[in-house]
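The values are calculated or read from the model by the stated rules, or taken from the named source; none is laboratory data. Every value quoted in this text rests on a predicted model; they were computed, and no experiment measured them. Backbone-built Cβ (ideal geometry, glycine too); neighbour counts: all protein chains shown.
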Amino acid sequence: MVGQQATGVQDISETPWLDKDADSLVRIKGITKKFGEFTAVNNVDLDIYQGELFCLLGGSGCGKTTLLRMLAGFETPTSGSILIDGIDMSEVPPYERPTNMMFQSYALFPHMTVEKNIAFGLKQDKLPNSEIDDRIDGILKLVELQDYKKRRPQQLSGGQRQRVALARALVKEPKLLLLDEPLAALDKKLRKQTQFELANIQEQVGITFVVVTHDQEEAMTLSSRIAVMDKGEFVQTGTPTEIYEFPDSRFIADFIGSANILDGQIVKDGTDHVRVSTELGEIYIDHGQSIKEGSPVWVAIRPEKIHLSKNAPKKSGPNQAVGMVDDIGYLGNTSIYKIRLADDRIIDVTAPNQIRPKNRTHLITWEDKIYLHWDASSAMLLNK
């Protein structure tokens, strides 16, 4: 790991999707699912690799849960195939697949204790009692519920019930664990804490997780890779960094996080830079993209990439603007500024509150004249 940090080179074993010779654990090929005339999933292809924590991300009705249910065997594809560990699942019923599923509601048996809830699937499989006891002890230790095994679900907090449901799903040692909005029932603070716990548990057990979520922050925190879905199709698949920093469409830039999106036109397209004319002025981007001069494009700038100053720049140039503070949202660790430009366009800017001010005189406040600038690498050029 020290070598990786020093050189910036990542071990290919940690990124199997970049290895052309790597075998996928899950191979989805041309899967389509129709309900009457409605197409819920439209001819999608996807490879998921052993040990990944993979997220299917999208809004309501995008097809992500339908795809998860087809992996589990609860829905039958209209066309296409699903292979798990090289075996075609077309004729394999849910209870014979090497998968397990954790539902959003947790679906715990209220009349059973924690240990009996976890043991239920193992008893159905008729495992020896000694093996069941060993597995329960191990999984309770993993989810840190050793002291709660005699309690019933109603005696547990929401976070504890979530861990019981996870333990019950993991104890059967599936090759693939499917999780449908696993943290949706938790409050915001507990959800953030549990995101890291879930990722740590997945890393310890080494089982491949496929998580369905509509929560962008959850997907970014948890996953090795994300597939963003819209209208039954994959719009972009990549690591959280790739999805956020290098969106390949206006939809992704707008859907993931926040972005100021500007209409523009290519003024100059060089091998190592692009100049774009926008309503915000000229924007210089320090990478080329082989787009014909005069072509219409969009430029997206994340709010946190923009710098604010009360002082005018020493010289004019690209990647600058001036406006007035129209509104401020104080969030404690960060502040959100709404900057109104001369043409009444609003630009969002976020800034960390790194230093506790001694007084208010140096604070940026309402109706201040403010100068904006951003680095040449910060803007994102989009042509679709």
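Filtering Leu177, Leu186 for residues that are assigned to a loop (DSSP other than H, G, I, E, B), buried (at least 18 other Cβ atoms within 10 Å of the Cβ) and touching a helix residue (DSSP H, G or I) at 6+ places or on another chain (Cβ under 8 Å) leaves a single hit, Leu186. Has the range 265-273 got any residue that is in the same structural domain as Leu53 (by TED's automatic domain parsing) and acidic (Asp, Glu)? No: the range 265-273 contains no residue that is in the same structural domain as Leu53 (by TED's automatic domain parsing) and acidic (Asp, Glu).
From the residues in the range 318-342 that are part of a loop (DSSP other than H, G, I, E, B) and touching a strand residue (DSSP E or B) at 6+ places or on another chain (Cβ under 8 Å), which one is nearest to Met380 (Cα to Cα)? Give the derivation first.
Of all residues in the range 318-342, those part of a loop (DSSP other than H, G, I, E, B) come to 318-319, 331-333, 342.
Checking which are touching a strand residue (DSSP E or B) at 6+ places or on another chain (Cβ under 8 Å) leaves us with 318-319, 333, 342.
Numbers: Pro318: 15, Asn319: 12, Asn333: 26, Ala342: 23 Å.
Per the criteria, the residue is Asn319.
Among the numbered conditions (1) within 15 Å of Ala379 (Cα to Cα); (2) assigned to a loop (DSSP other than H, G, I, E, B); (3) β-branched (Val, Ile, Thr), the only one that Ile291 does not meet is (1).
Taking the range 343-360 as the search range and keeping residues that are charged (D, E, K, R) and within 30 Å of the chain's Cα centre (by Cα), which one is farthest from Ser378 (Cα to Cα)?
Initial filter on the range 343-360 (charged (D, E, K, R)): 343-345, 348, 356, 358, 360.
Next, only the ones that are within 30 Å of the chain's Cα centre (by Cα) stay: 345, 348.
Working: Arg345: 20, Asp348: 15 Å.
By that ranking, first place goes to Arg345.
Could you check, for the range 250-267, whether at least one of its residues is hydroxyl-bearing (Ser, Thr, Tyr), at pLDDT 90 or above and either buried (at least 19 other Cβ atoms within 10 Å of the Cβ) or assigned to a strand (DSSP E or B) (or both)?
So far as the range 250-267 goes, no, none of its residues is hydroxyl-bearing (Ser, Thr, Tyr), at pLDDT 90 or above and either buried (at least 19 other Cβ atoms within 10 Å of the Cβ) or assigned to a strand (DSSP E or B) (or both).
Assigned by TED's automatic domain parsing to the domain that holds Asn42, more than 17 Å from Thr99 (Cβ to Cβ) and touching a residue at least 60 places away in the same chain (Cβ under 8 Å), is that true of Asp180? Steps first, answer last, please.
Numbers: assigned by TED's automatic domain parsing to the domain that holds Asn42: yes; more than 17 Å from Thr99 (Cβ to Cβ): no; touching a residue at least 60 places away in the same chain (Cβ under 8 Å): yes.
Spelling it out, it is not the case that Asp180 is assigned by TED's automatic domain parsing to the domain that holds Asn42, more than 17 Å from Thr99 (Cβ to Cβ) and touching a residue at least 60 places away in the same chain (Cβ under 8 Å).
Being part of a helix (DSSP H, G or I) and either at pLDDT 95 or above or more than 16 Å from the chain's Cα centre (by Cα) (or both) is not true of Gln195.
Quick one: would you say Thr213 is more than 18 Å from Tyr106 (Cα to Cα), modelled with pLDDT of 90 or more and crowded, with 17+ Cβ neighbours inside 10 Å?
Details: more than 18 Å from Tyr106 (Cα to Cα): no; modelled with pLDDT of 90 or more: yes; crowded, with 17+ Cβ neighbours inside 10 Å: yes.
Answer is no for this residue.
Scan the range 109-121 for residues that are closer than 12 Å to Ala167 by Cα and at pLDDT 90 or above and the total you get is 7.
Let's see how each residue does on (1) more than 23 Å from Ile266 (Cα to Cα); (2) surrounded by 12 or more Cβ atoms within 10 Å (Cβ to Cβ); (3) of a type in the set (Phe, Trp, Tyr):
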residue: Glu293; (1), (2), (3): no, no, no
residue: Ile301; (1), (2), (3): no, yes, no
residue: Lys305; (1), (2), (3): no, yes, no
residue: Lys314; (1), (2), (3): yes, no, no
residue: Gln320; (1), (2), (3): no, yes, no
residue: Gly332; (1), (2), (3): yes, no, no
residue: Lys338; (1), (2), (3): yes, yes, no
residue: Ile355; (1), (2), (3): yes, no, no
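The set of residues in the range 23-56 that are touching a helix residue (DSSP H, G or I) at 6+ places or on another chain (Cβ under 6 Å) and more than 17 Å from Met101 (Cα to Cα) comprises Lys33, Ala40, Val41, Tyr49. Test Ile201 against the stated conditions and say whether it is over 26 Å from Gln50 (Cβ atoms), among the β-branched types (Val, Ile, Thr) and buried (at least 19 other Cβ atoms within 10 Å of the Cβ). In short, no. How many residues does the range 144-164 contain that are modelled with pLDDT under 90 and buried (at least 23 other Cβ atoms within 10 Å of the Cβ)? Summing the residues that are modelled with pLDDT under 90 and buried (at least 23 other Cβ atoms within 10 Å of the Cβ) in the range 144-164 gives 2.
Asn319 passes every criterion in (1) modelled with pLDDT of 90 or more; (2) on the phi < 0 side of the Ramachandran plot; (3) not acidic (Asp, Glu) apart from (2). If you check Lys315, Lys338, Lys305 for being charged (D, E, K, R) and farther than 24 Å from Arg250 by Cβ, only one passes: Lys315. A count restricted to the range 149-161 and to residues that are touching a Pro at 6+ places or on another chain (Cβ under 7 Å) and either assigned to a helix (DSSP H, G or I) or of a type in the set (A, V, I, L, M) (or both) stands at 3.
Could you run through the range 27-63 and say how many residues are within 19 Å of Ala199 (Cβ to Cβ) and either outside any loop (DSSP other than H, G, I, E, B) or more than 19 Å from the chain's Cα centre (by Cα) (or both)? Reasoning before the result, please.
Filtering the range 27-63 for residues within 19 Å of Ala199 (Cβ to Cβ) gives 48-57.
Right, trim to either outside any loop (DSSP other than H, G, I, E, B) or more than 19 Å from the chain's Cα centre (by Cα) (or both) and you get 48, 53-57.
Residues meeting the conditions: 6.
Only residues that are farther than 21 Å from Phe38 by Cα and free of Cβ contacts under 8 Å to residues at least 12 places away in the same chain were counted in the range 51-89, giving 2.
Only a single item in (1) of a type in the set (Phe, Trp, Tyr); (2) within 23 Å of Leu145 (Cα to Cα); (3) in a loop (DSSP other than H, G, I, E, B) is not met by Phe74, and it is number (2). In the range 54-104, the residue that is farthest from Val41 (Cα to Cα) out of those that are among the hydroxyl-bearing types (Ser, Thr, Tyr) and surrounded by fewer than 13 Cβ atoms within 10 Å (Cβ to Cβ) is Tyr95.
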